[in-house]
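Participant: Below is one structure. I have some questions about it.
Where a number appears in this text, it was derived from the coordinates with a stated rule and is not lab data. Values in this document were obtained by computation on a predicted structure and should not be read as measured data. No Cβ is skipped: glycine too gets one built from the backbone with ideal geometry, and neighbour counts run over all protein chains shown.
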């Protein structure tokens, strides 16, 4: 099954094959937890309800393309990872303070430029 979301500037396709219908939800939840955010905190950051975040994570529904872009920016990840087209590079941050983790994220963002 393929879900398509189109806007004037963006066309994003969510590919959901057999057994992978919760790929987006699973990836979203993994990234949210890695960023140490609750569903409510993420909801506030992207301007939706906690119920909406829960629906995305369980695979009940999908975000609009503009919201998907905002999610990726907010979570410092790629749309490709969120929709299951790529795998992330990870760094073990166990034992680091919140401040140190934010510094690592800022450094990674600078390196991408």
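Participant: Do you know which residues across the stretch 70-97 are in a helix (DSSP H, G or I) and either within 22 Å of residue 38 (Cβ to Cβ) or in contact with a helix residue (DSSP H, G or I) (Cβ under 7 Å, 6 or more places away or on another chain) (or both)?
Facilitator: 70, 71, 72, 73, 74, 79, 81, 82, listed by residue number.
Participant: In the stretch 79-104, what count of residues is obtained for those that are surrounded by 15 or more Cβ atoms within 10 Å (Cβ to Cβ) and closer than 23 Å to residue 47 by Cα?
Facilitator: Total satisfying the criteria: 4.
Participant: Follow-up. Specify which of the listed residues (109, 80, 100) is farther than 16 Å from residue 24 by Cβ and free of Cβ contacts under 8 Å to residues at least 12 places away in the same chain.
Facilitator: 100
Participant: While we're on this one: So, of the residues in the stretch 64-77 that are without any contact (Cβ under 8 Å) to a residue 24 or more places away in the chain and surrounded by 15 or more Cβ atoms within 10 Å (Cβ to Cβ), which turns out to be farthest from residue 29 (Cα to Cα)?
Facilitator: 67
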